[in-house]
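Read-outs throughout are calculated quantities, based only on the coordinates presented, and are distinct from any laboratory measurement. Note that the structure is predicted; figures quoted are calculated from it, not measured. When we count neighbours, we look across all protein chains shown, and the Cβ atoms used for this are built from the backbone with ideal geometry, even at glycine.
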Amino acid sequence: MEGLHRDVELTGITKRYGDFLAVNHVDLAIERGEMVSFLGPSGCGKTTTLRMIAGLEFPDEGEIFIRGKRVNAVPTYKRNIGMVFQNYALFPHMTIRQNIAFGLSMRKEPRASAARKVDEAMALTHLEGMADRLPSQLSGGQRQRVALARAIVTRPNVLLLDEPLGALDKKLREQMQIEIRMLQREVGITTIFVTHDQEEALTLSDRIVVMNAGQIVQVGTPEEIYKRPASSFVSDFIGLTNTITAGVIGVNETAVRAQIADSTLELLLPTGGSFAVGQQINLSVRPENIALGDVPTDGYNRFGGTISHVVYTGALTYFHVDIGVPGNRPFVVMVPNTDLKLKGSAGLEVGDKITIGWRYDNTQILEKD
Ligand code: ATP
């Protein structure tokens, strides 16, 4: 039955600070066991939404349900949630075991079962052997694991994480992302994760909720969000992309012809949806879908261009290719640096003339006027 397994449901949630609308009519349902991230630029309302689920802020309008129960007026400590924030203040004078056990002792959990639950949480977060240390005797990553262990030890219905990895360096952060994901799967706990880092959201989530200016602009799996962004905003925010503005000049059953703005260059677009001659459209093509050098003629959009910039990043090289259309930023073309793929691009330098192209069904249509 629909709604039966929903752990968190928001309907029409709105939060104002004075005249400022921080969260604007947000509707969202999160299923049991899901890992969902709130992703968006700074100030878009992610943290405010999370804090309302936590009971640290209260909505001006709308309703919040946890496991089917309306919690609008329920205080944080009665919502049965676990929380981890970027500044995961551990109690400095308590040992790791005492820190993790804190929530259980507040609930007057009997000593033996508390000890067992703490041991389990420490095993899940790879903290065995650290029980008697103080927080100051741990690394940043280990301290973050203690904060996680402390949040899950009470077996909350929902785990809320607000940029929990923000203070860690890139390598540790990536390692912790994988650990959090594995832990979440193992425990099966419904988790909401706030981040402004799109890679983090792609790595961690079953579904991503993309927010902008207090509203949800798209909800989908990482693949859906990446491959079928609903707008230029989402397309730009998730991964690197090339955007093009074009005007439709012809429509038939197999393809749509369009002209890149301010030029006579034509491209083909996939059909589907309605198009009309004269319509302006915004398009996006991902850098990994653009071929460089040997571009097939059939089913591909092909353009001649000049390499304007080359960025080598180890596993990948990014070639910036200018196709000479005023106002159109150079195309970014991503080439994996494997022997096989390098064939066409080895030795290419700034100033070289080159053909680029992409299969026309790899063009994403974002907005139409
Ligand atoms: P960030 O990634 O920077 O944390 P965010 O998406 O989490 O951003 P929120 O913290 O939810 O953003 O804030 C949303 C908006 O509401 C921001 O413009 C912020 O300045 C504003 N805001 C948040 N808390 C308050 C407050 N207590 N009083 C006034 N304005 C607030």
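If the segment from GLN137 to GLU266 were pulled out straight at 0.36 nm per residue, it would be longer than the present Cα-Cα gap by 40.1 nm. In this structure the amide hydrogen of THR317, modeled in the peptide plane, comes within under 5 Å of the amide hydrogens of VAL335, ASN337, none closer than 5 places in sequence on its chain.
In order along the range 248-265, phi translates into HN-Hα couplings of 6, 10, x, 9, 9, 6, 9, 7, 10, 9, 9, 10, 5, 3, 6, 8, 9, 6 Hz, rounded to whole numbers, per the Karplus curve 6.51 cos²θ - 1.76 cosθ + 1.60 with θ = phi - 60° and x for Gly and Pro.
Could you list LEU269, LEU124 so that the one with the fewest beta carbons within 10 Å of its beta carbon is first and the one with the most is last?
In order of increasing Cβ crowding within 10 Å: LEU124, LEU269.
Bridging of LYS170 to aspartates and glutamates at a Cα separation below 15 Å is possible for GLU179, ASP197, GLU199, GLU200, once same-chain residues fewer than 8 apart are set aside. Just in the range 280-368: which GluC sites (Glu not before Pro) are loop by DSSP and have at most 12 other Cβ atoms within 10 Å? Sparse-neighbourhood loop GluC sites (Glu not before Pro): GLU349.
The trypsin sites (Lys or Arg not before Pro) of the range 27-98 that meet both conditions, a loop assignment by DSSP and at most 16 other Cβ atoms within 10 Å of the site Cβ, are ARG32, ARG67.
Excluding same-chain neighbours fewer than eight residues apart, the aspartates and glutamates reachable from LYS353 by a Cα-Cα span under 17 Å are ASP294, ASP322. The modelled label-to-label distance for the pair ASP352/LEU56, using points 7 Å beyond Cα in the direction of Cβ, is 5.1 nm. Here's the list of lysines a cross-link from LYS15 could span, going by alpha-carbon distance under 25 Å and ignoring same-chain residues fewer than 8 apart: LYS46, LYS69, LYS78. GNM remark for the chain: springs join alpha carbons under 10 Å apart, and the peak mean-square fluctuation among ASN72, ASN252, ASN328 falls on ASN252. Taking θ as phi - 60° and the Karplus parameters 6.51, -1.76 and 1.60, the scalar couplings of the range 220-236 work out to x, 5, x, 5, 4, 5, 6, 8, 10, x, 7, 7, 4, 4, 5, 4, 5 Hz in sequence order, x denoting glycine and proline.
Each stretch of four or more DSSP H residues adds -39500 (n - 2.57); spread over every residue of the chain, this sum gives -7000 deg cm²/dmol at 222 nm. Once backbone amide H atoms are built at 1.01 Å from N, GLU31 has ASP7 as its partners under 5 Å, excluding neighbours fewer than 5 places away on the same chain. As a rough footprinting exposure proxy, the listed residues ASP298, ASP132, ASP322 were ranked by other beta carbons within 10 Å of their own, and the order from fewest upward is ASP298, ASP132, ASP322. Spatially, the range 281-335 and the range 11-47 are offset by 36 Å when compared through their Cα centroids.
More than 14 Å apart: what percent of Cα pairs in the range 40-108 qualify? Working shown, then result.
Values: 1598 of 2346 pairs.
Percentage above 14 Å: 68.
Rounded to two decimals, the Cα radius of gyration of the range 1-145 over 2.2 N^0.38 Å is 1.24.
Comparing Cα centroids, the range 143-161 and the range 192-266 end up 34 angstrom apart. Database remark: amide H of LEU348 closer than 5 angstrom to no amide H (H placed geometrically; neighbours at sequence offset of 5 or more, or on other chains; Pro and chain starts carry no H). Per-residue Karplus couplings for the range 110-117, computed as 6.51 cos²θ - 1.76 cosθ + 1.60 with θ equal to phi - 60°, are listed in order as x, 3, 5, 6, 4, 4, 5, 5 Hz, Gly and Pro entered as x. For the range 177-267, run through the trypsin sites (Lys or Arg not before Pro) and keep only the ones in DSSP coil with at most 12 other Cβ atoms within 10 Å of their Cβ. Loop-located and lightly packed - none at all.
What FRET efficiency comes out for the pair ASN72/GLU186, r = Cβ-Cβ distance, R0 = 30 Å, nearest 0.05?
On the way: r = 32 Å, r/R0 = 1.07.
FRET efficiency, ASN72 to GLU186: 0.40.
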